Amino acid sequence: MNDAKRSLLFWGATLLSVLFAAFISIFAMDALEEGPNFWSVVVAFLIHLIPTAAVLLALTIAWRWEAIGAVIFVVLGIVYLVAAWGSVHWSAYAMISGPLFLIGFLFLTDRIASTPFAHAFHR
């Protein structure tokens, strides 16, 4: 695979990760309802941002080690499936786990394309 295609895989996965982090950050706004006091609202908001932090941490790792990052993204998708099993509509699984699996696949494909083994089959 040439460098342009590898670059597209890597930057596509990176951009999708950032967009997904922004998307799930929107759900943290749910915590900004009126609470008993200011600090309880702040704590609830920060707790709602934990999934965003996990995605950004996975992206940071994938930036340097694509294969490890790919595994982390897939694990995050599986964790969501297990944690939310039976409590949400199937579309929620697709909207949250789907992008995580796709990002993991893109990082893994980029990593495989950069191995010496893959270069042996390149014309």
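Please treat every number below as a calculation from the coordinates, not as lab data. If you're wondering where the values come from, they're calculated on a predicted model, not measured in any experiment. Every residue, glycine among them, receives a Cβ derived from its backbone with ideal geometry; neighbour counts consider all protein chains shown.
Highest-first packing order for the peptide set 74-86, 10-22, 34-46, 97-109 is 97-109, 10-22, 74-86, 34-46, based on the mean count of other beta carbon atoms within 10 Å.
Calculated mean residue ellipticity at 222 nm for the chain: -26500 deg cm²/dmol, from DSSP H runs with n ≥ 4 weighted as -39500 (n - 2.57), summed, divided by the residue count and rounded to 500. Relative to the longest principal axis of the Cα atoms of the chain, the long axis of helix 66-84 lies at roughly 40 degrees.
Take every pair of alpha-carbon atoms less than 8 Å apart whose residues are at least six positions apart; their mean separation over the length of the chain yields a relative contact order of 33 percent. Subtracting the Cα-Cα distance of THR115 and ALA22 from 0.36 nm times their residue separation leaves 30.3 nm of extension gain. Rounded to the nearest 10 degrees, the inclination of helix 50-64 to the longest alpha-carbon principal axis of the chain is 20 degrees.
Once you wrap a convex hull around the alpha carbon atoms of the chain, what is its projected area averaged over all directions, in nm²? Directional mean of the projected Cα hull area for the chain stands at 8.9 nm². Site pair ALA44 and SER91 shows an inter-label distance of 2.6 nm when each label is modelled 7 Å from Cα along Cα→Cβ.
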